[in-house]
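Novice: Mind looking over this structure? Questions follow.
What follows is calculated from the coordinates using simple rules that are stated; it is not laboratory data. Small disclaimer: the values here were computed from a predicted structure and weren't measured. Using ideal geometry, Cβ is built from the backbone for each residue, glycine included, and neighbour counts are taken over all protein chains shown.
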Amino acid sequence: MNSAQLRKIFLEFFEKKGHKIVPSSSLIPSDPSVLFTTAGMQQFKPYFLGEKSPYGNRAVSVQKCLRTSDIDEVGDESHLTFFEMLGNFSFGVSAEALSRNAKDEAGYFKKEAIEMAIEFLTKKCKLSKKKLWFTFFSGQAGLPADADSKNLLLESGIAPERILSFNKETNWWGPTGNEGPCGPTVEIHFDLLGKPCDSGEKCLPNCRCGRFIEIWNLVFNEYYQNQAGELSALEQKGVDTGMGLERLAAACQKKNSVFETDLFAPIMKIVNKGDNPEKQRVIADHIRSAVFLISEDIMPLNVERGYVLRRLLRKIFTNIEILGLEQKKIYELVKAVIENYQDVYPELGRNEEGIITVVQQESEKFERAKEAGRKIYDKIKQSAPEGRITGANAFDLYSTHSIPLEITEEWVRRDNMEIKERDDFFKLQKQHQEISRAGAEKKFGGLGQEAISPEAIKLHTATHLLHASLRKVLGDSVKQMGSDITPQRLRFDFSFDRKLSDEELRKIEETVNEKIRENLFVKKEERPLKEALESGALAFFKEKYPDIVSVYSIGEFSKEICAGPHSESTGALGNFKIIKQESVGSGIRRIKAALH
């Protein structure tokens, strides 16, 4: 069963079970507290918190996701940065309805979630129950074991020896941030290899040998954790599930690795050279992530999302060189990704030329950086005692010229040398990261919208005024490329190909202050996406919004699709002052501003 068939039967299965099919949202979430969409539930978060869902109480989606938490794990058989998450969701069933085993407005909880998961895997995907293993929450720190889930698994015909309990670290989800819904999970693992590793009887789900692969996580949101870490029972119980398409494909296609599935076959064919499968897998994973990010207008930068993209691309360039491939192979890789996915995500095909251009420009920048770094390396080599480069030397090349350690190691290997005190590189890198982290400003909404300060909310509204003013003064070609808000200031990145003149900055600043003095009312509407776009609302993440969006209008001056929150009117904002402008990349300008 190929991946296209798996997507189709998953959506159809749950649609027949009363779920509304919801398209994938953008990789760029409306929640400003996170960089990327990391799970299918993100676009549904308001409905888990009590907001009325326009989809009813059941939804199903195939969501594009990108996670960087496991980026250093990529290269093994299963870890990925970009993946597609198959998810089914129930936004609420009351405790009272559960007690009498009644459905509440089509919501469901553990019983139906477990039954549907087993039915889908065994009936639709034809996976043997003997290959499926299940884990549940064992209980911990005053929380009871999830005996309900264990009993439901037994009632579903799962053999007792294939039902295992684990602690909170493994079988508990949430909350995101300091507070929010959370609860125990049931994880479903598939036995890929069918035989234990050297651990023998201890080779069970969560063993890192590669025998088992977690394919589905069923999250049961039955608690709410406040900022003090205290738990209370939720009146409305929710279900949030996520299953990686790539991992399901490996199980259904009887492959030992996600990289052997049809989702990766065209890519792996291009990089299949030499005896370094880890490097090949890194390239295959990262090129998918890069293509999807660029298709959503993320540009390689040294901050936030742009930094992630730059890091991904440079790891691709590095590993292509280490494998002995020509750098032009990357364009074949881009085209392979687009060809493999454009039937599902047609925006990739439409943006092919632009994606290749961005990759080409970044490749040229990296080559220039390598040339500069190589000159420094050659000077170090000439003075290096006994043919040795130190870890500190390697870190200097990395921090000053962005030369990855792998490139320095390759140069050293070709010169029949070695890196002395290699661990010093990682010690210095850790120190550098700690300094950067300590100096980093807290992102807007870092604790979720409940914890956003009044100052940050005002600056968020001022950001919309700034955006509209930029377009008024500089023209409608100006496009938002990124933003960041703290309680002290706003930062706004936009497309523009030159430095703004003092007169242009003065006009922009005065336009914002004029709209503040007019005390314009800020209006929020919930509208279908198509209707919102037709009304003139600005939207810069293309078509990957949910079906129903929030539109914020500031008088007749500004109208944008946005998750909020905002001030009720502009009169309370204060005086707007542009602090500085700067370049953050080719064709991208940045303005920093504050309210006084």
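Novice: Using 7 Å Cα-to-Cβ label points, what is the residue 342/residue 73 separation (nm, one decimal)?
Specialist: Roughly 3.4 nm, to one decimal.
Novice: So for the pair residue 140, residue 506, with labels modelled 7 Å out along Cα→Cβ, what separation do we get in nm?
Specialist: For the pair residue 140/residue 506, the computed spacing is 6.2 nm.
Novice: So which trypsin sites (Lys or Arg not before Pro) in the stretch 172-254 end up in coil per DSSP with only 15 or fewer other C-beta atoms within 10 Å?
Specialist: Answer in residue order: 208, 254.
Novice: Arranged by the count of other C-beta atoms within 10 angstrom, fewest first, what order do 414, 422 take?
Specialist: So the residues, fewest neighbours to most, are 414, 422.
Novice: So, one more: Run through the stretch 1-76 and list the GluC sites (Glu not before Pro) located in a DSSP loop whose Cβ has at most 16 other Cβ atoms within 10 Å.
Specialist: Taking the stretch 1-76 and a limit of 16 other Cβ atoms within 10 Å, the loop GluC sites (Glu not before Pro) found are 51.
Novice: Using each residue's phi in the stretch 43-57, evaluate 6.51 cos²θ - 1.76 cosθ + 1.60 at θ = phi - 60° and report the 3J(HN,Hα) Karplus result to the nearest Hz, with x for Gly and Pro.
Specialist: With coefficients 6.51, -1.76 and 1.60, one gets 6, 9, 3, x, 6, 6, 9, x, 5, 5, 8, x, 9, x, 8 Hz.
Novice: Roughly what would the spin-label model give for residue 161 and residue 122, points 7 Å off Cα along C-beta, in nm?
Specialist: Label at residue 161, label at residue 122, 1.8 nm between them.
Novice: Under a 5 Å amide H to amide H cut-off, with H placed in plane at 1.01 Å, what residues pair with residue 165 once short-range neighbours are removed?
Specialist: Excluding prolines and chain starts, which carry no amide H, the hits are 136.
Novice: Across 5 Å bins from the origin, how do the percents of Cα pairs in the stretch 271-356 run, short distances first?
Specialist: 3, 15, 26, 23, 19, 10, 3, 0
Novice: Right, next: Relative to the Cα centre, what is the charge dipole magnitude of the chain, using +1 at the beta carbon of each Lys and Arg, -1 at the beta carbon of each Asp and Glu, and rounding to the nearest 20 debye?
Specialist: 580 debye
Novice: Can you give the percent of C-alpha pairs in the stretch 449-595 whose distance is more than 19 Å?
Specialist: In whole percent, the share of Cα-Cα pairs in the stretch 449-595 beyond 19 Å is 51.
Novice: Please list 3J(HN,Hα) in residue order for the stretch 257-274, calculated via the Karplus relation 6.51 cos²θ - 1.76 cosθ + 1.60 where θ = phi - 60°; whole Hz, with x for glycine and proline.
Specialist: Karplus values, whole Hz, x for Gly and Pro: 8, 4, 6, 9, 7, 5, 5, 10, 3, x, 6, 5, 4, 6, 9, 6, 9, x.
Novice: What does the charge dipole of the stretch 3-259 about its Cα centre add up to, to the nearest 20 debye, if the Cβ of each Lys and Arg holds +1 and the Cβ of each Asp and Glu holds -1?
Specialist: 1060 debye
Novice: Find how much the distance from residue 583 to residue 416 grows on full extension, using 0.36 nm per residue of separation minus their present alpha carbon separation; answer in nm with one decimal.
Specialist: Once the chain is fully extended between residue 583 and residue 416, it gains 56.0 nm.
Novice: Right, something else. Pop the C-beta distance of residue 423 and residue 302 into the FRET formula with R0 = 30 Å and round what comes out to the nearest 0.05.
Specialist: Rounded to the nearest 0.05, the efficiency is 0.70.
Novice: Are there any GluC sites (Glu not before Pro) in the stretch 131-208 that are in a DSSP loop and have at most 10 other Cβ atoms within 10 Å? List them by number.
Specialist: 169
Novice: In nm, what is the difference between 0.36 nm times the number of residues separating residue 130 and residue 1 and their Cα-Cα distance?
Specialist: Length gained between residue 130 and residue 1: 44.5 nm.
Novice: If you don't mind, there's one more thing I want to ask. Ranked by Cβ crowding within 10 angstrom, fewest neighbours first, how are 520, 293 ordered?
Specialist: Listed from fewest to most nearby Cβ atoms, that is 520, 293.
Novice: Now, a different point. Can you compute the FRET efficiency between residue 233 and residue 253 using 1/(1 + (r/R0)^6), with r the Cβ-Cβ distance and R0 = 45 Å? Round to the nearest 0.05.
Specialist: For R0 = 45 Å, the calculated efficiency reads 0.60.
Novice: Could you tell me the extents of the chain's C-alpha atoms along the three principal axes, largest first, rounded to whole Å?
Specialist: Per principal axis, max minus min of the Cα coordinates gives 73, 72, 46 Å.
Novice: Which value in deg cm²/dmol, rounded to the nearest 500, describes the helix-derived mean residue ellipticity at 222 nm for the chain, given -39,500 (n - 2.57) per DSSP H run of n ≥ 4 and division by the residue count?
Specialist: Dividing the helical sum by the residues of the chain leaves -12000 deg cm²/dmol.
Novice: Taking the alpha-carbon centroid of each part, what is the distance from the stretch 41-86 to the stretch 144-194 in angstrom?
Specialist: Cα centres, the stretch 41-86 to the stretch 144-194: 18 Å.
Novice: I've got another one for you. Treat the count of other C-beta atoms within 10 Å as a stand-in for reagent exposure and order 52, 515 from fewest to most.
Specialist: Result, fewest neighbours first: 52, 515.
Novice: May I pose another question? Find how many whole Å separate the alpha carbon centroid of the stretch 196-265 from the alpha carbon centroid of the stretch 575-594.
Specialist: Each part reduced to its Cα centre gives a spacing of 43 Å.
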